[in-house]
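Student: Below is a structure I'd like to ask you about.
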Amino acid sequence: MQAELPRVLSAGGLTPTIHELLANRVELLPWEAAQGAAADSVAGIFSYGHDPVDELLLARLSNLRVISNHGVGVDHIDVEAARRRGIPVGNTPAILDAAVADMAMALLLAAARRLAEGDRFARTSGATEFDPSALHGRDVHGATLGIVGLGNIGYQIARRARGFDMRIVYHNRNRREAVERELAAEYLSLDDLLATADFLVLICPLSDSTRGLIGRRELAQMKPTATLVNIARGGVVDTGALTAALQERSIYAAALDVTDPEPLPADHPLLALDNVTLTPHLGSATVETRRRMAELAVDNLLAGLAGEEMKCRVV
Ligand code: NAP
């Protein structure tokens, strides 16, 4: 007779790869099971998507032994509450850096060269002949890239930007002098970064210190020719202030992989603007990277269930 499998709470929509990796190793319970009698039997949480794992949920799951997050950002998980309860939290850093950095560059280039607008126009009946006056964008080569959050992913973005002949400036709470030397990157205060950057890329975690980091005051310091790229988390930017800046054209454009709220409601004013390029949180979404993320997240989950050390642990 097969031993009882540990019960793991997970939101729906898991890929076939994840189902395959978890098959015969855990019994998956739907997220709603936390509300019912099965709550006491839950040993693990496989966090896929951004369903909040908060104090209230943790209090219901009295036999929880591990939380494994499929992704690097853990702002939807109350990691402090987990730490207080002695529940390890795993995530999937490093393996997705290159894919997310590629996407940041794709967004930057798309906004600078008006790719989405061009695509929309090329499909219309108005696109009848080459028009040298149409859809002029902005130069990327020779421009200054400002990175907020020169961590694992930020470093990969900076490396790619050097290949595009961009000058790199960055802001973190701590300087990274080895990276400054390697990539000729310059450390600036946030205010100086805002005033200097032609392209401002946000790739810091969402935390108490970064929520609403880019608001009305910060947007007002940016150049009217500057583009904001947010591939971090929607909450790092004040959406109302960004919408106003784009409507008033006090900045040139924005490219957003993440928004607050996410997704944007159908009647949101950002959706009506030509100077906004949007992707629905696709930063790490490649077949190869998502496979690696699935393997690491499942590995972390199984290690935690077995009481072993996870490969990648947040707390
Ligand atoms: P990481 O290696 O920990 O780097 C984070 C960087 O942000 C660090 O350099 C950190 O430097 C800086 N930072 C933190 N707080 C800051 C603050 N208040 N002001 C300025 N800089 C600050 O993390 P990572 O792996 O690169 O990932 C970063 C974030 O990207 C994740 O947390 C996640 O939210 C987001 N992400 C998004 C996607 C997507 O699909 N769009 C995919 C992956 C990750 P200091 O500590 O020195 O300040």
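The values are calculated or read from the model by the stated rules, or taken from the named source; none is laboratory data. Not measured: the values here are computed from a predicted model. Here Cβ is always computed from backbone atoms with ideal geometry, including for glycine, and neighbour counts include all displayed protein chains. Calculation scope for accessible area: heavy atoms of the full protein, side chains included, ligands and nucleic acids excluded. Shrake-Rupley method; radii C 1.70, N 1.55, O 1.52, S 1.80 Å.
Student: Mind ordering 129-139, 80-90 by average Cβ neighbours within 10 Å, highest first?
Tutor: Details: 129-139: 9.9, 80-90: 17.0.
Ranking the peptides 129-139, 80-90 by packing returns 80-90, 129-139.
Student: In addition: Which whole number in µm²/s is D for the chain by Stokes-Einstein, with the Kirkwood Rh taken over Cα pairs at 10 °C and 1.306 mPa s? Let's see the in-between values first.
Tutor: On the way: Rh = 21.1 Å.
My calculation gives 75 µm²/s for D.
Student: Across segment 27-66, how large is the tail of the calculated P(r) beyond 15 Å, expressed as a percent of all Cα pairs?
Tutor: Values: 234 of 780 pairs.
Here the tail beyond 15 Å accounts for 30 percent of pairs.
Student: Using the charge dipole of the chain (Lys, Arg: +1 at Cβ; Asp, Glu: -1 at Cβ; taken about the Cα centre), state which of Pro30, Ser41, Ala226 has its Cα farthest towards the positive end.
Tutor: Comparing the listed Cα positions along the dipole, Ala226 ranks first.
Student: Would you kindly state how much longer the chain becomes between Asp274 and Phe164 on full extension, computed as 0.36 nm times their sequence separation minus their alpha carbon distance, in nm to one decimal? Display every interim value, and only then the final one.
Tutor: Working: separation 110, 0.36 × 110 = 39.60 nm, distance 2.50 nm.
In short, 37.1 nm is gained.
Student: Taking the chain as a Gaussian network, Cα atoms linked when under 10 Å apart, which of Leu56, Leu305, Leu22 shows the biggest mean-square fluctuation?
Tutor: Result for the chain, Cα springs under 10 Å: Leu56 fluctuates most.
Student: Is it possible to state the helix-based mean residue ellipticity at 222 nm for the chain, with each DSSP H run of 4+ residues giving -39500 (n - 2.57), the sum divided by total residues, to the nearest 500 deg cm²/dmol? What is it? Working shown, then result.
Tutor: Working: 11 runs with 103 residues, N = 315.
Taken over the chain, the calculation gives -9500 deg cm²/dmol.
Student: What is the sum of charges, Lys and Arg at +1 and Asp and Glu at -1, for the other residues whose Cβ falls under 11 Å from the Cβ of Val315? Write down the numbers at each step before the final one.
Tutor: Values: positive: Arg83, Arg84, Arg85, Arg313; negative: Asp78, Glu80.
Result for the local shell: +2.
Student: Moving to a separate point now. Using the membrane-span-like helix rule (whole DSSP H runs, Cα extent along the own axis of at least 24 Å, mean Kyte-Doolittle hydropathy at least 0.0), which helices of the chain qualify? List each step's numbers first, then the result.
Tutor: On the way: long enough: 287-305 (27 Å, 0.12).
For the chain, where a helix must reach 24 Å along its axis and average at least 0.0, the hits are 287-305.
Student: On alpha-carbon atoms, Rg over Rh for segment 97-278 using Kirkwood Rh?
Tutor: Values: Rg = 16.1 Å, Rh = 16.6 Å.
The Rg/Rh ratio comes out at 0.97.
Student: Sticking with this one: Given N residues in segment 1-110, what is its alpha carbon radius of gyration divided by 2.2 N^0.38 Å? Kindly include the intermediate steps, with their values, before the conclusion.
Tutor: On the way: Rg = 15.8 Å, N = 110, 2.2 N^0.38 = 13.1 Å.
That ratio works out to 1.20.
Student: Hey, if you put +1 on the Cβ of every Lys and Arg and -1 on every Asp and Glu Cβ in segment 31-117, which of Ile77, Ala112, Ala94 ends up farthest toward the positive end of that dipole?
Tutor: Ranked along the dipole, the leading option is Ala94.
Student: Rounded to the nearest whole Å², what accessible area per residue is found for the chain with the 1.4 Å probe? Provide the component values of the computation, followed by the final result.
Tutor: On the way: 15380 Å² over 315 residues.
Here the per-residue accessible area is 49 Å².
Student: Sorted by average packing, counted as other Cβ atoms within 10 angstrom per residue and highest first, what order do 71-77, 263-269 take? Don't jump to the answer; show the numbers that get you there.
Tutor: Working: 71-77: 19.9, 263-269: 11.0.
Ranking the peptides 71-77, 263-269 by packing returns 71-77, 263-269.
Student: Quick check: Cα centre of segment 26-100 to Cα centre of segment 237-308, how many Å?
Tutor: A separation of 20 Å, based on Cα centres.
Student: While we're on this one: Round to a whole number: what % of the accessible area of the chain belongs to carbon and sulfur, probe 1.4 Å? Can you show the working numbers first?
Tutor: Details: 7800 of 15380 Å².
Ligands and nucleic acids excluded, carbon and sulfur reach 51 percent.
Student: For the pair Glu309 and Glu55, what calculated FRET efficiency results from E = 1/(1 + (r/R0)^6), where r is the Cβ-Cβ distance and R0 = 35 Å, to the nearest 0.05? Spell out each step's value before the answer.
Tutor: Numbers: r = 25 Å, r/R0 = 0.72.
The formula returns an efficiency of 0.90 here.
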